[in-house]
Number of protein chains: 2
Amino acid sequence: MVPELHIIGITGIGEVQEGADLGQLIVAAANRQGTPLQDGDVVVVTQKVVSKAEGRVISLQDVQPSPQAQELAERLGKDPRLVEVVLRESRRVVRAERGVLITETHHGFVCANAGVDASNVAGEGYVSLLPRDPDASAETIRRRLEELTGAQVAVIISDTFGRPWREGHTNVAVGVAGMSPFIDYVGQTDPYGYVLRVTTMAVADELAGAAELVMGKLSRVPASIVRGFQFQPGPGNASQLVRPAEKDLFR
Amino acid sequence: MVPELHIIGITGIGEVQEGADLGQLIVAAANRQGTPLQDGDVVVVTQKVVSKAEGRVISLQDVQPSPQAQELAERLGKDPRLVEVVLRESRRVVRAERGVLITETHHGFVCANAGVDASNVAGEGYVSLLPRDPDASAETIRRRLEELTGAQVAVIISDTFGRPWREGHTNVAVGVAGMSPFIDYVGQTDPYGYVLRVTTMAVADELAGAAELVMGKLSRVPASIVRGFQFQPGPGNASQLVRPAEKDLFR
């Protein structure tokens, strides 16, 4: 049998408003384009529409920067109001140099600007924040999809992160529901009898990246279906993807 | 139109021997399973079979560890012969603590054990090394695929790397030919008129990760076809993915 995977972008979701029922929008759009959800699908949703539905969009005009934010903004050449928002979203500054502000968010994600982002948000001076609890957001969407379609699916909320050592960004999972974010090969034997000792694949991140290839950044495809991937169903979340600080060699 | 991507694993390539014509093996296997290569395909090949074809497999029995390797091995609880090989493959040690040896390879990749790996290699005590020049390896395969099929394809050589801050491994591109490893949105305008300032997507890494979802680690699927992705054709290589040390905040 030929192992095969399909990634199907979901078009026609339209502009997502605060309070929107994302699960319903996804189901309706998938049905309209003739690709209804099926058991075993992984539905990848971009952070941006989840944040919009949850009202996690703010106007920088309403932000009063603290002295600390002003000082940091000056040093980095950034908007002090943006820096203020980033600091509020963060528990720790990891790097602040050469115009780059990398922080650890309250969720534990290490990323530029705590995931605060001005792209693909309506209105000048508006920025989107990461969902407060992206794993809970993913679980809410997953339940709604199941309720509406009866299909057992997993849900991943994706965002675009940079990384050390390598140029360019990739999409990773910031929220996961209905699957383990990993496939664990530790203790399994390869075809040559070698027992794998260290390989745990972060498949939720690979799924998020794979979906990005279909969604792109400019084409209003805020969700997609990955069909044919044998994930490990059951409880699982993106918090498991956060390496505990005490195990991390690079903080 | 529904944006869609297919990822097709190539089965039946069989055990790859030193000197093997990988391009020919891939074309034959893809044809046998009824999924011949097409214009615009991205062919992702795992590092392991490329290294085998190039004879980049060595027996640790033949390795004489230096005093430096012995000292480091003792400290990390590793095989001194493995550490010796890792040091030979590296231009710099990035971290050596808690049983983990992260180095910068001669290519500039920062990864555990310089990519030296005992899994999926025949023979006890044998390890595979990264190809000497994975971009050249990718280009050799790409030309051969074009020669045999007439199809204009891109080739990515993938390997499994860890990363800071996040648990689990993902596959990334260590060799690229026939495409840019990036899609660059800098200066483009989102649907709301916001000019994107920083987003360059490392699509070669996302493609490598996507292909891993089909190939897995234990099932002898050392190559796959990603079909339907609009890459930017032309020259491009994985060296472009290596962030120059002077631009890197984490070395």
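Would you check if residue A:148 is of a type outside the set (S, T, N, Q), away from chain B (no Cβ under 14 Å) and within 15 Å of the chain's Cα centre (by Cα)? For residue A:148, the condition - of a type outside the set (S, T, N, Q), away from chain B (no Cβ under 14 Å) and within 15 Å of the chain's Cα centre (by Cα) - is not met.
Of the residues making up the range B:86-95, those that are within 12 Å of chain A (Cβ to nearest Cβ) and crowded, with 17+ Cβ neighbours inside 10 Å number 1. When only residues in the range B:15-38 that are touching a residue at least 40 places away in the same chain (Cβ under 8 Å), within 11 Å of chain A (Cβ to nearest Cβ) and part of a loop (DSSP other than H, G, I, E, B) count, which is nearest to residue A:207 (Cα to Cα)? Result: B:35.
Remark: pairs (first residue in the range B:113-130, facing chain A (nearest Cβ under 10 Å) and closer than 18 Å to residue B:101 by Cβ; second residue of a type in the set (A, V, I, L, M) and not in a loop (DSSP other than H, G, I, E, B); Cβ separation under 6 Å; 6+ apart in sequence or on different chains) = B:113/B:86; B:113/B:101; B:118/B:127.
Considering the conditions (1) more than 9 Å from chain A (Cβ to nearest Cβ); (2) in contact with a helix residue (DSSP H, G or I) (Cβ under 6 Å, 6 or more places away or on another chain), residue B:133 is excluded by exactly one of them, (2). Of the residues making up the range A:197-228, those that are surrounded by fewer than 23 Cβ atoms within 10 Å (Cβ to Cβ) and either touching an Asp or Glu at 6+ places or on another chain (Cβ under 9 Å) or of a type in the set (S, T, N, Q) (or both) are A:199, A:200, A:201, A:217, A:218, A:219, A:220, A:227, A:228. Of all residues in the range B:6-21, those satisfying the criterion of being out of contact with any Ser or Thr (no Cβ under 7 Å at 6 or more places or on another chain) and either of a type in the set (D, E, K, R) or within 21 Å of residue B:209 (Cβ to Cβ) (or both) are B:6, B:11, B:13, B:15, B:18, B:21. Taking the range B:133-182 as the range and being within 16 Å of residue A:205 (Cα to Cα), β-branched (Val, Ile, Thr) and in contact with a Gly (Cβ under 8 Å, 6 or more places away or on another chain) as the test, the residues that pass are B:170, B:172. In the range A:183-227, the residue that is nearest to the other protein chains (Cβ to nearest Cβ) out of those that are aliphatic (A, V, I, L, M) and in a loop (DSSP other than H, G, I, E, B) is A:202.
Here, each number is a calculation from the coordinates, and none is a lab measurement. No experiment lies behind these values; they were computed from the predicted model shown. Note that each Cβ is placed from the backbone with ideal geometry, even for glycine, and that neighbours are counted across all protein chains shown.
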